[in-house]
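Structure first, then comments.
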Amino acid sequence: MNNRDFKYEYLTEKAKTILNTGKGYRDNTLFPEISALTTDKHNPIDVVVTEIMYCGKYEVCDFLINHYSDRLSRSDYRLLANLVYEIKTTGFPIIDYLKNEQLRRVVNKLTIDCNCCFWLCASPDDIYNHYVKEYIPKADKIQPGYADSCPDYKIKAALSIDEYKSRYVDEINIPAQNVLLCDMGIEGILIAFNQ
C-alpha cells in the first residue's frame, strides 16, 4: 500500500464519495462576495491563500501538514503550523506580506499542474441541508444581516430541495489527477486539478 492509499483511509466518507465518483457539487452563489479581495476563484494559489489568510480556515493548514508532510520542507511546516496558531489565538485576516508570499510558494509546490480549485460537496442535498438550512441561519443569528448578504438567500430558503438543485447547483467533474487540499466532511472538500 503506498502513502497516498494509506492517507486515503483517513478521509471522511463524504470526501471518499467525491473522489470515488469523480463528481462534486457546488452553489457558486452561496456566500457573499468580498469586494475588497481580488481572488481568482480558479487559481489554486489565490483560493488557498484567501481561505487561510482572509477567511481563517486553519483546517486547510492542518490538512496540508497531515497529508503532505513528505513534500513539505521544515520552513513550510513551520509556516503552516504558525498560521494555525495565529488564526486560533489572534484571529484573522492575517495581513502579512511575507507570510502571504511564503504560503503562495508552498501552495504552488503542491498544485504545480493545476489551474482550478473548488470547494465541492458530495451531493446537492449536503449543500441544501447543511448550508442553506443550517449554516447560514446560524451565522445570521451570530451576525444579524449575514443571510441578507448571501445572494438570493431568501429565495433559496423558500425553495424545495429539488427546485434548489435545478436552479443553483452545478455538478463538477473531477479528473483522476487532482490534489486534495482540505477535507471538512459534510462542509465539503477543497480540491485542485487541471480543467
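The values are calculated or read from the model by the stated rules, or taken from the named source; none is laboratory data. Quick caveat: nothing in here was measured; it's all calculated off a predicted structure. All Cβ positions, even for glycine, are placed from backbone atoms using ideal geometry, and neighbour counts span all protein chains on display. Only protein heavy atoms, including side chains, enter the accessible area calculation; ligands, DNA and RNA are left aside. Shrake-Rupley method; radii C 1.70, N 1.55, O 1.52, S 1.80 Å.
Cα centroid separation, the range 122-160 to the range 90-117: 29 Å.
Residues in the range 26-167 average 56 Å² of solvent-accessible surface per residue, probe 1.4 Å, ligands and nucleic acids excluded. Of THR12, THR21, THR50, the order by accessible heavy-atom surface (1.4 Å probe, DNA, RNA and ligands excluded), from most exposed downward, is THR21, THR12, THR50. Between ASN108 and LYS133, the contour length at 0.36 nm per residue exceeds the Cα-Cα span by 5.5 nm.
Site pair ASN115 and HIS42 shows an inter-label distance of 0.7 nm when each label is modelled 7 Å from Cα along Cα→Cβ. Here the relative contact order of the range 1-130, from alpha carbon pairs under 8 Å that lie six or more residues apart, stands at 38 percent.
Peptides 180-188, 136-144, ordered by how many other C-beta atoms sit within 10 Å of their residues on average, highest first, read 180-188, 136-144.
Between helix 74-90 and the chain there is an angle of about 40 degrees, using the helix long axis and the longest principal axis of the Cα atoms. The share of accessible area on the chain that comes from carbon and sulfur is 51 percent, using a 1.4 angstrom probe. In plain terms, the C-alpha convex hull of the chain casts an average shadow of 11.4 nm² when viewed from every direction. Shown here for the range 11-71: trypsin sites (Lys or Arg not before Pro) in loop regions (DSSP other than H, G, I, E, B) with at most 16 other Cβ atoms within 10 Å, namely LYS41.
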